[in-house]
Structures are given as structure tokens and as C-alpha cells.
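Scroll down for the structure; my scribbles are underneath it.
The values are calculated or read from the model by the stated rules, or taken from the named source; none is laboratory data. Because the structure is predicted, anything quoted here is derived from the model rather than measured. Cβ: placed from backbone, ideal geometry, glycine included. Neighbour counts: every protein chain shown. Protein only, heavy atoms only, side chains kept; ligands, DNA and RNA dropped before computing areas. Shrake-Rupley method; radii C 1.70, N 1.55, O 1.52, S 1.80 Å.
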Amino acid sequence: MKFKKRIIGLIVVLILSGLPIGVVATSQGIQSYSQVKNLEDDSNIEDEIVVIYQNDGSVKDLGLTTSQITAGEKLNDQVDIIKVKDANQIEALVLELLKNPRVLAAQKNACLKFVTLPDDPQLSQGWQFEGIGAEKTWDQVNNEDTVVVAVLDTGLNTKHPDIVGKTIAGFDYVTGTTEVTDVVGHGTAVSGCIAALANNGIGIAGVAGIANIKIAPYRTGGKTVDDYEANLGYACAALYDAANRPEVRVINMSFAGYEDFPALETAIAYAANAGKILVAASGNEGGDPENAGKTAIPSSYDNVISVGATDRDNVIADFSQHNEMVDFCAPGVDTTTLWDQDDYITASGTSISSPVVAGACAVLVAADETISSSKVEAILKETAIDLGDKGRDNYYGYGLIQLDQALAQVIPMATTAYRSHVQNKGWLPIVENGEISGAEGESLRLEAIELNAYAINSNIGVRYKTHVENQGWQNFVESGEISGTEGESLRLEAIEIELTGVDADRFDIYYQVHVQNMGWMDWAKNGDPAGTEGFGYRMEGIKIQVVLKGSEAPGRVERPFVKK
């Protein structure tokens, strides 16, 4: 994992030794927050302090009195928020807290901005996934153990039909419950980029595809429908909670600020030391004369992947923040994702490009659960498309991530490309990876087939033969050659396909045919016949795909072939 330079001018005060706060009368000492109001009674954060403990701690360790604070809340074992009685004394109290040996960090609470620029809701093609090669990876990873992405945002509408079943428990710091809601919609949009259901016939597909990747939503802001602010204290608490969960491997943060946030930096460091992959939006102020070129937080912290936004032409967005800390870029202009309870939205912002990268990181982890955070970032750098100035630059970072190329560094990946010659239609266009070629439901025969198979960083080919009406089984042909007949009005009845090449044993090839009077047969595999023989039934359609050796079959395999 990279180690970024300290931001010039950033003053971080973390005093890890000193004396507890003194001048405290025992009779006035606060032993628990039951002695003061709950923070829910007052939403103003201007007079709040975020406290992070060295280890598990509580308010009794702070030596505070009821004359100093009026409210407080323990967010988790490491993080508290307290409200001071006199706002004019807040800086002095922070300094006193930092002298306490039980306190790791303390600072005035603040808000950070969620950085999406929402547009009109509409359903259109989610081009962002093709932009990073995810259309080639969506069905390539089928992991057993769930990989979790913690999304620190405005919550998540977990009943959206395009993400149902793709979430696990997170926490709603706004309401203090595990029943996370999203009244803003920002968190739902971000989560959809990562884990929207694939291959379900509706909406879009997330970068995760069919991989066993789920969202743990943490609501750190968005109290009302127009509230696009994240609470600093809530964000710190969420980082600690996510860091302590072994199933959480990736944390996405689509918010940004330009102040000094030592408490947030402390929480980020804790999560990084726990081995989490941290991804954040670079910011949307790249076109703002006041803030353009500044380093945003948390994307500019050590061990955080900073992501800018590009458009369909791979050009950096004019709003995308640019600085020496930007690592990568990803689609983030006019991209389609989830919205509200059951809708979709076309949105722009680095809030969108960040989860695209977070989702890609999760896919790499799902492919190899032993992979480290530093290795994930190194692979993304190695395989990114270099855009802008040659080499790393302040706008595109190391370039546009390419998930298909990155995944090929972790597991072998293969692709099939094929077409069929159909009665009365001739040659159909080439299709790939399990798509249907043929004329299912039109009572037209397949007469010939042409097939290729190839893999990134692997040496494979394919050979195949067909059973033709009145001719029987043909001889095997190799990649790209035609098997069957043209112009003779003879039907294909069955097919056998097998992989060739030195790396053929790393993959399995599956194929399924649609047969007259029988419909779709079960899947055949690695040279076994598919179709019928002796019935005079025509093949009407075919699907072919290659998977990693030992992967789960794409469907039933009991009855791929029938012979009279």
C-alpha cells in the first residue's frame, strides 16, 4: 500500500500522553451518559467534540463534569460524541482531552459533504460497467465466503428490487438502530454501483456481478431528504466498527472535506492497519476556483485510494478534483444506478466513481480471499489504462481501472465468441459467453457453427464437431473454422466441444443446445455430446461459456444428450 506525503499545511495534534483533565470535583464527575441529555435532543454539532479512545473506553475515563458538558453519546467502544456547555470553551476542552492518556484523538465535530451531483431519475444503460471491463467479469467469480463492502453514506433502501438479498447488517448512527434507511437516496445510489443484482432481468448490474459480495450500509448522515452532509463522529465510529468486522474487506467513502480532521485520520489509520481496502471520492470541486487542486479528505490520507470521475469518452470530468493524491479514475458522468425505493437515476460525481473502484476491489478479493490491500492496489495500477499525461498525473492518477485485466492477474479468465448459420437467415452476429445464438422459438434449424475461445494470460484454443442430418458426426475442426454445412439445407442435431492448448486443464467449457420438440437440454461439458441422435430433431439454438476449472456449472447437467 502506498504511503502518501503529509498534506502541506495540515496540522495534526495527537498527544498520546499527559495528565487526565483536572480540577474536577468528585461529586460532579460524570460516570455515564445517563447523567446528561442524549445527543438526539439537539442536532447542532457546532459545540460537539468527537473523542476516540486509545482502547475501549467510556466517559468516566475523561474526568468530565456536568458543568462542562450537557449531552453525550457512546457510538461504539472506541468513539464518543460529547456536547460542551460553553461553545467558547470547546477548543480548550479539546486540548485538555488530548492530554488524557486514555484518549487517542479528539476534535471539534464537523460535517463532510457527500459528493454526488444528482440528475433527473431515468432508466438507461449502465455504461460505467463496460467502461472498466466489468461486462467481461460479471460471471467469472463465484466465491463461497461472502465479501462485504462497508458503505459509509446516507444509508440504503434495502428493499429496492435490484439489491434485495445483497446486503447484511450495518448501522444507522442517525437513529441509533440497525434498521438502516435512506431518505436522501445517495447511499442507495452508491451501493447500487457496487452490488446491484446481476442477471435478474431488470435495471442495472453492479460491478460485483454474480460474485458473493454484499453491502454493509452505515448511515453516517442524511437526516432529511435534502441533507447531503456526513457527521464526522458518525464516520469515525463507522470506520472503527467496519474495521473490527473480519468479513468487511472494503470500505467506501463517497464524501469529502477540506479541513483538518485528525479524528478521521486516526480512524482511517485504524482501518488500514486492520487490512481494509479504503476507497474514497476525490471530490467534486475540480472546477471550483476556490477549491480546485486542493487535497480533499479522506481521499488524500495515507492508505486511501482516491478516485476521480471520467465520462464516456474517458475524459476527466470538469468537476473531478485533481491533486497529487489522486490514484485512479472511473466512470462518474451520466452513469445509471439505483434510486429511492424502486427507481433508477442518471447521476454524476466522484461519489459514483468511488464505489465503481470499491466494487472492483471487492471482486479481486472475492477471487482470492488471501489477497492483501496493497496487492489489490498494485494490480489496479499495473492494469489501468494510462490517460492524460504519460504516467501518473494529478487528474487521472494512474489511469482508468480495468477490472477484466486486473482479475486476470488473480485468476485465469476465458472468453468464448461464436456464431451460427440459421435456416433462411444465414450467419448471425457473433455472441459471447453464454449468450444465445440461433432462432429459439422460430422453428428454424441451425446449419453450421463457428467458435473461438481465448483467455487472458493463458494459452487455450477450442475444437468441436457437429452431427449433421444424413451425414452423422463430422471430423473435429479448430478455432474459427466452420463445422456443419452451408447451402445444403441440412440440420445440426448435436455437438461436441473441448478445449485445447497448454492451459486447457485450467478451465471447463460448458455448452447447452435448444432442440426441436425438447426445448433447452441440460448443459454438456468438456467434449461430451449435447443434443440428440437418431430422432431427426434439429438444433435451434446454442449457448457456450468457459469457466475456471471446478467452478459451479451454469445450470443442470443431468440430461444434455439423448440417443435413440
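Quick look at the numbers
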quantity: Rounded percent of accessible protein surface that carbon and sulfur make up, the chain, 1.4 Å probe; calculated: 46 percent
quantity: Histogram of C-alpha separations across region 91-200, 10 Å bin width, %; calculated: 11, 32, 29, 16, 10, 3
quantity: Region 336-382 - accessible surface per residue (Å², probe 1.4 Å); calculated: 27 Å²
quantity: Alpha-carbon Rg/Rh ratio, for region 214-293, with Rh computed the Kirkwood way; calculated: 0.99
quantity: Distant alpha-carbon pairs in region 501-564 (separation over 21 angstrom), percent; calculated: 25 percent
quantity: Rh by Kirkwood over Cα pairs, then Stokes-Einstein D for region 455-512 at 1.002 mPa s and 20 °C, µm²/s; calculated: 170 µm²/s
quantity: 1.4 Å probe accessible area per residue over region 514-564, in Å²; calculated: 48 Å²
quantity: Heavy atoms of residue 259: accessible area, 1.4 Å probe, square angstrom to 10; calculated: 110 Å²
quantity: Region 216-310 - accessible surface per residue (Å², probe 1.4 Å); calculated: 26 Å²
quantity: Beta bridges by DSSP in the chain, antiparallel share as percent, to the nearest 5; calculated: 70 percent
quantity: Most to least packed among 331-341, 546-556, 441-451 [average Cβ atoms within 10 Å]; calculated: 331-341, 441-451, 546-556
quantity: Among the listed pairs 74/276; 214/549; 136/375; 113/381; 166/465; 60/214, those beyond 31 Å (Cα-Cα); calculated: 166/465; 60/214
quantity: Region 189-336: C-alpha gyration tensor shape, a/c 1.5 cut-off, then a/b vs b/c; calculated: oblate
quantity: For region 390-544: span of alpha carbons on each principal axis (Å, largest first); calculated: 64, 31, 26
quantity: Computed over region 348-444, Kirkwood Rh from alpha-carbon pairs, angstrom; calculated: 16.5 Å
quantity: Quotient of C-alpha Rg and 2.2 N^0.38 Å, computed over the chain; calculated: 1.15
quantity: Computed over region 68-107, Cα set: Rg, Dmax in Å; calculated: 10.3, 28
quantity: Volume per residue of the C-alpha convex hull in region 413-484, rounded to whole Å³; calculated: 87 Å³
quantity: Over region 162-262, volume per residue of the alpha carbon convex hull, in Å³; calculated: 111 Å³
quantity: Rounded to whole Å, sorted largest first: equivalent-ellipsoid semi-axes of region 145-207, Cα gyration tensor; calculated: 20, 13, 10
